[in-house]
1. What pairs come out if I take residues in the range B:39-53 that are more than 8 Å from chain A (Cβ to nearest Cβ) and farther than 17 Å from B:THR119 by Cβ and pair them with residues that are of a type in the set (S, T, N, Q) and crowded, with 18+ Cβ neighbours inside 10 Å whose C-beta lies under 9 Å away, six or more apart or interchain?
2. Hey, can you tell me all the residues within the range A:137-160 that are surrounded by fewer than 17 Cβ atoms within 10 Å (Cβ to Cβ) and among the β-branched types (Val, Ile, Thr)?
3. Consider only pairs whose beta carbons are under 6 Å apart and that are at least six residues apart or on different chains; among these, list those whose first residue lies in the range A:24-37 and is closer than 13 Å to A:ALA209 by Cβ and whose second residue is at pLDDT 85 or above and surrounded by fewer than 24 Cβ atoms within 10 Å (Cβ to Cβ).
4. Please list, ordered by first then second residue, the pairs with beta carbon atoms under 6 Å, 6 or more apart or interchain, first in the range B:121-147 and in the same structural domain as B:SER76 (by TED's automatic domain parsing) and without any contact (Cβ under 8 Å) to a residue 12 or more places away in the chain, second among the aromatic types (Phe, Trp, Tyr) and surrounded by 13 or more Cβ atoms within 10 Å (Cβ to Cβ).
5. Could you list, in sequence order, the residues of the range A:164-205 that are hydrophobic (A, V, I, L, M, F, W, C) and more than 30 Å from A:LEU128 (Cα to Cα)?
6. Just to be sure before I move on: is A:ALA192 more than 22 Å from A:LEU47 (Cα to Cα) and out of contact with any strand residue (DSSP E or B) (no Cβ under 7 Å at 6 or more places or on another chain) in the structure I sent?
7. In the range A:226-243, which residues are surrounded by 17 or more Cβ atoms within 10 Å (Cβ to Cβ) and either under 19 Å from A:PHE168 (Cα atoms) or within 11 Å of another protein chain (Cβ to nearest Cβ) (or both)?
8. If you scan the range A:244-261, which residues turn out to be within 7 Å of another protein chain (Cβ to nearest Cβ) and either crowded, with 24+ Cβ neighbours inside 10 Å or assigned to a helix (DSSP H, G or I) (or both)?
Amino acid sequence: MIDTLMTYLQFPYVRYALIVGVLIALCSSLLGVTLVLKRFSYIGDGLSHVAFGAMAVAGVLHLSNNMLLVLPVTMICAILLLRPGRNARIKGDAAIAMISVGALAVGYLLLNIFKSSGNLAGDVCTTLFGSMSILTLRPAEVWLCFGLSIAVIILFLFFYNRIFAVTFDEDFARATGTKADAYNLLIATVIAVIIVLAMNLVGSLLISALIIFPAMSAMRVFKSFRSVTVCSAVLSVCCALAGLLISILAGTPTGSTIVAADIAAFLVCCGIAKLQRRTVS
Amino acid sequence: MKKRLALLLALFLALASLSASFAETASEPLQVDLDLSKMSGTIVYAEIYNLQYDPGAYLGKVIRVRGYYSFFREPSNGHIYYACVIPDATACCMQGMEFVPFTEPEDPDHFMEDNADITVTGRLEIYVEDGSSYLHLVDASVEQNSED
């Protein structure tokens, strides 16, 4: 098995997949904790469907780099969904559901009407489930993913305290002079970037798992924001690596194998939490 | 006279060695550069994708693939295309590799059962037809795999 793995590691696209996979997993887990605590767990799913719709439009327009359309559209939707909703006519979960299914339906409709390849089912399958797209990245895409991931990590570390404040008590943060709206905007922008990046790794239907599972697993075992964030990042990276390697060796679909690894980690963390409770009592 | 005999002998030897080397080439099994038949479905998908996206790096290499036999006869000119359909891990993104058998089958309709599990080994080449470029494996040997 080691020999087989070493053979596969000689292929540049396998090395690209491992690098990009680790970076995306790290980014998604960092913001995942914030989203789960802000009760926005499902936003990843909604935004990923928006990204799918935008990708379909980019395909119809024959854009050579679909990121030019997908990223701004997803960012705008993220900002609309995460802005303070007190005055909004359509509230929280309903807005996410509408944007989510609307974008998914329009995207699929456009792909069907303006077919750009003979294998429509394959194209849709790859975009929705990220079948193998992480293994077909070009060097330019790898550099783009690398740059955006590093930017997300730096932003998170730089604004860690503000994000922490806005996550736990937005009203209190606002009262103490923190520009909560600006930080919400930052979170929305970063989430949009992560969603677009993660589409390559697990596909648009499985992105939520990448955001939620590591955060929820870490919350079973740890209690402070910092320890949960660190544990979530470590778990996410380990699961992404394990999923990718299993997928490459066993020939299973990449996206769902990574999510299966996340589920396994969640179950292990639940077991550890139970043991911790028993030890305390 | 002796000179003529020597010249004839030399010519005969040259022809004999040429035919011997040709016979060797024809019967010699191809040295496989890329054996996709032994790789996981995930890697096979990625390799075929890369091969179609950037064929330059693969042209001239001897490639072995495993998949399902399929053939198609072009109604307009009767040309026959043989292909090895390669399923992937998700079974939604099947890829095909066209091949040209080393010896043209006498009865292409009964060359092999449709959807038979086959392994094809051939040299990757590019050809242009109606203004479009296509890839295929030439001088291909085709083996039917036993059901295991």
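The values are calculated or read from the model by the stated rules, or taken from the named source; none is laboratory data. In this text, all values refer to a predicted model and were calculated from it rather than measured experimentally. All Cβ positions, glycine included, derive from the backbone under ideal geometry; neighbour counts span all protein chains shown.
1. Listed pairs, sorted by first residue: B:GLN52/B:GLN95.
2. A:ILE150, A:ILE153, A:ILE154
3. A:ALA25/A:VAL237; A:SER29/A:ALA233
4. Within 6 Å, the pairs are B:TYR127/B:TYR134.
5. To start, the set of residues in the range A:164-205 that are hydrophobic (A, V, I, L, M, F, W, C) comprises A:164-166, A:168, A:172-173, A:175, A:180, A:182, A:185-188, A:190-199, A:201-202, A:205.
Matches in the range A:164-205: A:PHE164, A:ALA165, A:VAL166, A:PHE168, A:PHE172, A:ALA173, A:ALA175, A:ALA180, A:ALA182.
6. On the way: more than 22 Å from A:LEU47 (Cα to Cα): no; out of contact with any strand residue (DSSP E or B) (no Cβ under 7 Å at 6 or more places or on another chain): yes.
Taking the combined requirement at face value, the residue does not satisfy it.
7. To start, the set of residues in the range A:226-243 that are surrounded by 17 or more Cβ atoms within 10 Å (Cβ to Cβ) comprises A:228-229, A:231-233, A:235-237, A:239-240, A:242-243.
Those that are surrounded by 17 or more Cβ atoms within 10 Å (Cβ to Cβ) and either under 19 Å from A:PHE168 (Cα atoms) or within 11 Å of another protein chain (Cβ to nearest Cβ) (or both): A:VAL228, A:THR229, A:CYS231, A:SER232.
8. Of all residues in the range A:244-261, those within 7 Å of another protein chain (Cβ to nearest Cβ) come to A:247-254.
Passing the criteria: A:SER247, A:ILE248, A:LEU249, A:ALA250, A:PRO253, A:THR254.
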